[in-house]
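For reference, the structure is listed below as structure tokens.
The values are calculated or read from the model by the stated rules, or taken from the named source; none is laboratory data. What you see is a predicted model; the values in this text were computed from it and never measured. Don't worry about glycine lacking a Cβ; one is built from the backbone with ideal geometry, like all the others, and counts go over all protein chains shown. Areas reflect the complete protein model, heavy atoms only, side chains present, ligands, DNA and RNA absent. Shrake-Rupley method; radii C 1.70, N 1.55, O 1.52, S 1.80 Å.
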Amino acid sequence: MKKITLIVLLTLIVSSCKNEKTTSEKLNIVTTTTMITDLVKNIGGDLVEVNGLMGAGVDPHLYKASEGDVNKLYKADIIFYNGLHLEGKLVEVFEKMERQQKVQVPLAESLDKSELIGSDYFASNYDPHVWFNIDYFKQFAQKVTKTLSEQDPAHAADYAANEKHYLQQLDDLEATVKASIATLPKEKRILVTAHDAFNYFGKAYDFQVVGLQGLSTATEAGVQDVQRLSKFIIAHNVKAIFVESSVPRRTIEALQQSVQSKGNEVTIGGSLYSDALGNPNTNEGTYIGMFKYNVNTIVSELK
């Protein structure tokens, strides 16, 4: 019933506001995840108004659009989202926007599919957690710059300058990350988390990644999953396992208890940021700060 109400509401908004135009000189942009919100703010700077739908700790797999979100989406000049069915419960809303010829940019869907990790969990058939490969996030930045420049050609040079500065920051981030990970022996690079959000991270930095819930948080971990993974942890002498900021802590705590019940020990090494950044106005509230925090936490706890 709620789904029908949402679609009806969207239709009414489109019908009643069809000819309405923003009086602001700035591009009005709506983003979904916190990672994309941070990116667009870095490229757009003071020339754009960015409204992120999702906040810190919000799980994009489960996020549903409110009436206020629908209104924001309709009024946007541009909508940037991840795509690859990360925002699975917003798909119908995006499809409706497309029929209204709204400028929408599913950033992950512009990546080379032959390089992506396959997945049966998502309708896209790909793992959507691509931001954990910094090179892919650089491509996001390039796509955002191109889109902003096309929609606001008068400020194309400004967007290009912002892009150049941000890409340099991402280059610096990658150098820092590689140097930190190099201090962790390869045999200790086993990352056990609440769900498989870190496969692109593992592929980029030679980690074996094992998630309790699989790729989507919409699937619950069962008793057999916990037992299977506890045996894996014991067999591989994994020192620490990790909770995630956007996933309930209880799943990893159950895993720890299962390991302990077998006469072994494993610590909960801290909380990683996976599907959302940290709180606004903190280092972890930015993509770069989040990535550094995650890597520092992983390396220090697994050594």
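The GluC sites (Glu not before Pro) found in the range 21-130 that occupy coil by DSSP, while having at most 14 further C-beta atoms within 10 Å, are Glu25. Cα centroid separation, the range 137-205 to the range 31-100: 19 Å. Convex hull volume of the Cα atoms of the range 185-302, normalised per residue: 94 Å³.
Per atom type, the range 27-175 shows carbon and sulfur on 43% of its accessible surface, probed at 1.4 Å. If the segment from Thr282 to Asn71 were pulled out straight at 0.36 nm per residue, it would be longer than the present Cα-Cα gap by 73.1 nm. Where [x] 1.00; [y] 0.94; [z] 1.03 are the candidate values, the label of the one calculated here for Rg/Rh (Cα atoms, Kirkwood Rh) is [x].
Taking Ile252, Ile43, Ile117 as the candidate residues, the one with maximal mean-square fluctuation in a Gaussian network model of the chain, Cα springs under 10 Å, is Ile117. With 0.36 nm allotted per residue and the present C-alpha distance subtracted, the Gln169-Lys188 stretch has 4.0 nm of extension available.
Other residues with beta-carbon under 14 Å from the beta-carbon of Lys188 carry, at +1 per Lys or Arg and -1 per Asp or Glu, a net charge of +1. Each label was represented as a point 7 Å from its Cα along the Cα-to-Cβ direction; for Glu150 and Val103 these points are 0.9 nm apart.
For the pair Lys262 and Lys178, a Förster radius of 35 Å applied to the C-beta separation gives a FRET efficiency near 0.45, rounded to the nearest 0.05. Angle check, please: helix 287-302 long axis (alpha carbons) against the longest principal axis of the chain (alpha carbons), in degrees 0 to 90, nearest 10. Helix 287-302 sits roughly 10 degrees off the main axis of the chain. Over the chain, accessible surface divided per residue gives 47 Å², non-protein components excluded, 1.4 Å probe.
The charge dipole of the chain, taken about the Cα centre with unit charges on the Cβ atoms of Lys, Arg (+1) and Asp, Glu (-1), comes to about 540 debye, rounded to the nearest 20. The calculated pair-distance distribution of the range 27-175 uses every alpha carbon pair, bins of 10 angstrom beginning at 0, and gives 11, 42, 37, 10, 0 percent. Averaging the sequence gap over all C-alpha pairs within less than 8 Å and six or more residues apart, then dividing by the number of residues, gives the range 27-175 a relative contact order of 24 percent.
Pairs spanning more than 20 Å between alpha-carbon atoms, out of Lys113/Lys292; Lys102/Lys143; Lys41/Lys164; Lys64/Lys143; Lys239/Lys262: Lys113/Lys292; Lys64/Lys143. Here the Gaussian network model covers the chain, with springs between Cα atoms less than 10 Å apart; of Asp158, Asp59, Asp196, Asp158 fluctuates the most.
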